[in-house]
Amino acid sequence: MQLSTRHLLGIKDLTKEDISLILSTAEQFKEVLQRPVKKVPSLRDVTIVNLFYENSTRTRFSFELAEKRLSADTINFAASASSAAKGETLLDTVNNILSMKVDMVVMRHSASGAPHFLSKHVPAAIINAGDGINEHPTQGLLDAFSIKEKTGGLEGRKVAIIGDIMHSRVAQSNIYLLNKMGAEVTVCGPPHLFQNILVRHLTLTSATA
């Protein structure tokens, strides 16, 4: 069984079968962490660039550690310490990196849609590690994995997401994923932080002062 897409740009683009496959595969790889040698050759000879235009510690380290445990060759790129700080465009930067025959780009960017733009202009597979206020699909998948692990499944679960829904890319990915997997999602927060959010089949609860 294979994913329906070669990129991971957002939960919105995944099918229910894609999500189930990713979660079941993650469960298998979690067993690797219990071994004395926490490394497998799944991504041997694959070169991955971690392309971060936003500051991040946990997300970047998590990707780098996972890549190394899967035996990938990794390159870490921080925009603040590169030619991007002098005005080099996103496409210029990535094309320079891809000239090194990179297979995959893990990208975090402050502009919504940046990974989608990149996927149309470079041959490498793109993983969205958070773009603006759009989506953070890997965090959504991790949250779903945790819920499934603790409760036994996602279908029929009642989940509340509380806070700034409109500006939270994690909330957006969670809403898309949980709805696709049959959960009932309630979002709660100040009314002005619900404006312009593209959510469907939700119970909306406005917080009162």
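The values are calculated or read from the model by the stated rules, or taken from the named source; none is laboratory data. Note that the structure is predicted; figures quoted are calculated from it, not measured. Quick reminder, even Gly has a Cβ in these numbers, built from the backbone with ideal geometry, and neighbours come from all protein chains shown.
Candidates are the residues of the stretch 117-145 that are surrounded by fewer than 24 Cβ atoms within 10 Å (Cβ to Cβ) and of a type in the set (D, E, K, R); the one that is farthest from S168 (Cα to Cα) is K120. Of all the listed residues (A171, A160), the sole one being buried (at least 18 other Cβ atoms within 10 Å of the Cβ) and either among the polar types (S, T, N, Q) or over 30 Å from I97 (Cα atoms) (or both) is A171. Restricting attention to the stretch 164-184, the residues that are within 20 Å of the chain's Cα centre (by Cα) and more than 15 Å from S20 (Cβ to Cβ) add up to 12. When we screen A66, A114 for residues that are in contact with a helix residue (DSSP H, G or I) (Cβ under 8 Å, 6 or more places away or on another chain), under 25 Å from Q172 (Cα atoms) and hydrophobic (A, V, I, L, M, F, W, C), the only hit is A114. Among the residues of the stretch 113-128, is any within 28 Å of V46 (Cα to Cα), of a type in the set (F, W, Y) and either in the same structural domain as V49 (by TED's automatic domain parsing) or over 20 Å from the mean Cα position of the chain (by Cα) (or both)? Yes, the stretch 113-128 has at least one match.
Here I147 meets each of (1) out of contact with any Pro (no Cβ under 7 Å at 6 or more places or on another chain); (2) modelled with pLDDT under 95; (3) aliphatic (A, V, I, L, M) with one exception, condition (2). Per this entry, N50 is not counted among residues that are assigned by TED's automatic domain parsing to the domain that holds P123 and in a loop (DSSP other than H, G, I, E, B). Within the stretch 34-45, does at least one residue satisfy the condition of being under 22 Å from G153 (Cα atoms), without any contact (Cβ under 8 Å) to a residue 24 or more places away in the chain, outside the structural domain of A72 (by TED's automatic domain parsing) and in a helix (DSSP H, G or I)? No, the stretch 34-45 contains no residue that is under 22 Å from G153 (Cα atoms), without any contact (Cβ under 8 Å) to a residue 24 or more places away in the chain, outside the structural domain of A72 (by TED's automatic domain parsing) and in a helix (DSSP H, G or I). Can you confirm whether L154 is touching a Lys or Arg at 6+ places or on another chain (Cβ under 7 Å), within 30 Å of K16 (Cβ to Cβ) and surrounded by 13 or more Cβ atoms within 10 Å (Cβ to Cβ)? So L154 fits the description; yes. Of all the listed residues (T74, T59), the sole one being buried (at least 17 other Cβ atoms within 10 Å of the Cβ), without any contact (Cβ under 8 Å) to a residue 60 or more places away in the chain and either among the acidic types (D, E) or touching a strand residue (DSSP E or B) at 6+ places or on another chain (Cβ under 9 Å) (or both) is T74. In the stretch 80-103, is there at least one residue being under 22 Å from A26 (Cβ atoms) and either buried (at least 16 other Cβ atoms within 10 Å of the Cβ) or not assigned by TED's automatic domain parsing to the domain that holds H167 (or both)? Looking for residues that are under 22 Å from A26 (Cβ atoms) and either buried (at least 16 other Cβ atoms within 10 Å of the Cβ) or not assigned by TED's automatic domain parsing to the domain that holds H167 (or both), one finds at least one in the stretch 80-103, hence yes.
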